[in-house]
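Right, one structure below, let's go through it.
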Amino acid sequence: MNRFKMIKEVGDGTFGSVWRAINKQNGEVVAVKKMKRKYYSFEECMSLREVKSLRRMNHPNIVKLKEVIRENDILYFIMEYMECNLYQLMKDRVKPFSEAEVRNWCFQIFQALAYMHQRGYFHRDLKPENLLVSKDVIKLADFGLAREVSSVPPYTEYVSTRWYRAPEVLLQSSVYDSAVDMWAMGAIMAELLTLHPLFPGTSEADEILKICNVIGSPDEQSWPQGLSLAETIKYQFPQIRGNQLAEVMASVSSEAVDLISSLCSWDPCKRPKAAEVLKHTFFKGCTFVPPPVRPKASGLPKTPPCGHPVLRHSRSLPETGRATVHKVSNITDRLDNLSVTSRTRTTPKPPAPLLKAGLGKSDLLGKSDEIPPAKRLTRKLVS
Ligand SMILES: Nc1ncnc2c1ncn2[C@@H]1O[C@H](COP(=O)(O)OP(=O)(O)OP(=O)(O)O)[C@@H](O)[C@H]1O
């Protein structure tokens, strides 16, 4: 790690602290995520979800993992550096973002989601803190909870931050899919447009209550499977008609409200897929160019806002034409053979316990909301 000069801590999450650093060899500014627990073998690091999923992703709106380094049993992720996260941008704002800004960010994120969902992954912990921004480019980060769609349920571990957690996860369904990311995006979009979290539950039970208050309680018509899930865990939904989303979001366009209400549908099957969302009228005028067929345009200085062809590789690679193509494929190669450096100590260490994101216990059954201690201290518990 002495190749890197640590400049400043920029983030402290449950699993790692993130630093802005400089690669002394080439002067590149990078983000170094230093994991909090120790890793005693190379295999253990390579089986981490964050490594397994991120190394397969090569999309302009997914933060790039450049290197994985294990040194003295400490694991470091070297990532491309981003200036801030969406929560930081929101918390000091008085005036909500314009719809044009929200449209530009969300269009990019839905492209990243369409890409990863089509490749069989879903994120499971979408929240403003995990959406990183540099200028007008936004990228998905923190793949610590990402899952392969093809992985075999039941999914029993604690998943996602409560305010953005889909109802099927709150009701402890052991089978769920990429629709959980779509729910979270509905809540995030609404928060961006109003600067208030849409469902700021103080516990899991309160989270469901907050959802009912906004979209009304589910019934046999809107979500029959949800009623069965509730019955299984002996949970009784409050009977609430709910406000209209349009009332909660008074100054927001009808297109935005329509999209948010379809994303925040009780029934996961009724939520649109990311690829469908890109065609929603809210994104009218935005042009989607799927990554594999993007034109090799001359080097664009930065990610263009929606409405322009998307070719963001050139942002970090200021070459033009053929040279750009060459560099991009180098990056792909590098991702395929992601550089993993491991410097082990000679003294053997006992095997570390497997990384667990948490347990699936719920306060809906009178049990505590088992959130890792660091999460308890976050804004998620502020009502
Ligand atoms: N590539 C990056 N560039 C700049 N800042 C970053 C980068 N990656 C992460 N951060 C910052 O560090 C914070 C924590 O990072 P991350 O979410 O990866 O950690 P974590 O331990 O997995 O967190 P969580 O508690 O959400 O599980 C992020 O919210 C962000 O502000």
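The values are calculated or read from the model by the stated rules, or taken from the named source; none is laboratory data. Computed from a predicted structure; not experimentally measured. Cβ coordinates were reconstructed from backbone atoms using ideal geometry, including for glycine residues, and neighbour counts include every protein chain displayed. Only protein heavy atoms, including side chains, enter the accessible area calculation; ligands, DNA and RNA are left aside. Shrake-Rupley method; radii C 1.70, N 1.55, O 1.52, S 1.80 Å.
In this structure, the residue pairs whose Cα-Cα separation is over 30 Å, taken from K34/K234; K38/K234; K135/K279, are K34/K234; K38/K234.
Would you mind calculating the gained length between Q88 and S134 on full extension (0.36 nm times residue separation, minus the Cα-Cα distance), in nm to one decimal? The partial results should precede the final answer.
Numbers: separation 46, 0.36 × 46 = 16.56 nm, distance 1.22 nm.
The span from Q88 to S134 would gain 15.3 nm if fully extended.
The heavy atoms of V68 present about 0 square angstrom of accessible area, all protein chains included, probe 1.4 Å. Based on Cα contacts under 8 Å between residues 6+ apart, region 1-136 shows a relative contact order of 20 percent. Count Lys and Arg as plus one, Asp and Glu as minus one, and take only other residues whose Cβ is under 14 Å from that of S261; the net charge is then -2.
Among W266, W19, the order of accessible area from largest down is W19, W266, computed with a 1.4 Å probe on protein heavy atoms.
A 1.4 Å probe, protein heavy atoms only, puts the accessible area of I22 near 60 Å².
Other residues lying with their Cβ under 13 Å from the Cβ of K24 contribute a combined charge of +1, Lys and Arg counting +1, Asp and Glu -1. Under the criterion of Cα pairs below 8 Å and six or more residues apart, the relative contact order for region 84-283 equals 23 percent. Taking all protein chains together and a 1.4 Å probe, the residues K8, K279 rank K279, K8 from largest to smallest accessible area.
When the residues E207, E220 are ordered by accessible surface, computed with a 1.4 Å probe over the protein chains alone, the sequence from largest down reads E220, E207. Once all protein chains are placed together, S254 keeps about 90 Å² accessible to a 1.4 angstrom probe. Note on V175/S47: beta-carbon distance plugged into 1/(1 + (r/R0)^6) with R0 of 25 Å gives a FRET efficiency of 0.60.
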